[in-house]
Amino acid sequence: MLFLAQTDTTAGFLSKDFKEINKAKKRALNTPCILTTAYFSELLAFVRVPNAHKNLVRKAKRTSFIYPNQKACRVINSGKHAEFLREFGCFFSSSANLHGRAFDATLARKIVRENGGKIIDEKLFSGTPSRILKLGKKQIHKIR
C-alpha cells in the first residue's frame, strides 16, 4: 500500500515495498529507496553502523546515510512522520513527485488514489531534501 505523507523534510511516498514507490514515480523498479525508521534498534536490524560514525548517526537530523552494505537508511526522531513510523514500523520513502520532475501536490494525491493508497497529511509542501552521506569504515562522502 502506498501512503502520501508530509515527512520531516518534504512530502513523500511511503510504502513497505520500494517497487511500489518506483512504479508510482514512473522510474526503474530496481531503483533503491531510503528505508526510514523511528528506532535505532530497527536500524541495527538492517545495517551495521561503523564504530567511527555511531555518534554522528545518533545525533544527525534530516540526514540519510548509505552504509557499507549499500543500504540507505534514516532514523526519524520527531514530528508526525516519526509518530507514524512508531505506530506502523519502518517504511521505504521517496519524494512525492514523478521521476525528474518538481513536486505537485494535486498530482501526488492523484497518484496515491490511482494506486489505492492513503493520504495521511492534507497539508503538503516541498521542503529541502535530506542530506545523504555515504559512510565508509573511516571516511564520509557527501552524496547530496
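The values are calculated or read from the model by the stated rules, or taken from the named source; none is laboratory data. Note that the coordinates shown come from a computational prediction; the quantities given were computed from them, not determined experimentally. Every residue, glycine among them, receives a Cβ derived from its backbone with ideal geometry; neighbour counts consider all protein chains shown. We work out accessible area using only protein heavy atoms, side chains counted, and drop any ligands, DNA or RNA first. Shrake-Rupley method; radii C 1.70, N 1.55, O 1.52, S 1.80 Å.
The mean sequence distance of close C-alpha pairs (under 8 Å, at least 6 residues apart), as a share of the length of the chain, puts its relative contact order at 38 percent. One compactness figure for region 62-144 is 1.27, namely its Cα radius of gyration divided by 2.2 N^0.38 Å. When all protein chains stay in place and ligands, DNA and RNA are ignored, the 1.4 Å accessible-area order of Ser95, Ser64, largest first, is Ser95, Ser64.
Working note: 222 nm ellipticity from helices only, DSSP H runs with n ≥ 4, each -39,500 (n - 2.57), summed and divided by the residues of the chain, gives -7500 deg cm²/dmol to the nearest 500. Note on the chain: antiparallel DSSP beta bridges, both residues inside, total approximately 65 percent of the bridges counted.
Each Lys or Arg adds one and each Asp or Glu takes one away; over the other residues whose Cβ falls under 9 Å from the Cβ of Asn97, this sums to +1. In order along region 77-88, the Karplus-derived 3J(HN,Hα) couplings, from 6.51 cos²θ - 1.76 cosθ + 1.60 at θ = phi - 60°, round to 9, 9, x, 5, 4, 5, 4, 4, 5, 5, 6, 10 Hz, and Gly and Pro are given as x. Structure note, pairs Lys59/Lys80; Lys16/Lys123; Lys80/Lys142; Lys19/Lys134; Lys80/Lys118; Lys26/Lys142: Cα-Cα distances above 21 angstrom occur for Lys16/Lys123; Lys80/Lys142; Lys19/Lys134; Lys26/Lys142. Does a label point 7 Å from the Cα of Asn51, set along Cα-to-beta-carbon, have any residues of region 118-143 with amide nitrogen under 17 Å, and which are they? Once the point is set 7 Å along Cα→Cβ of Asn51, 136-139 turn out to lie under 17 Å by backbone N, inside region 118-143. For the chain, the solvent-accessible area of protein heavy atoms averages 57 Å² per residue (probe radius 1.4 Å; ligands and nucleic acids excluded).
Of all aspartates and glutamates in the structure, those lying under 16 Å Cα to Cα from Lys71, and not within fewer than 8 positions of it along the same chain, are Asp17, Glu42. In region 4-144, the portion of solvent-accessible area held by carbon and sulfur atoms comes to 54 percent [1.4 Å probe, whole percent, DNA, RNA and ligands not counted].
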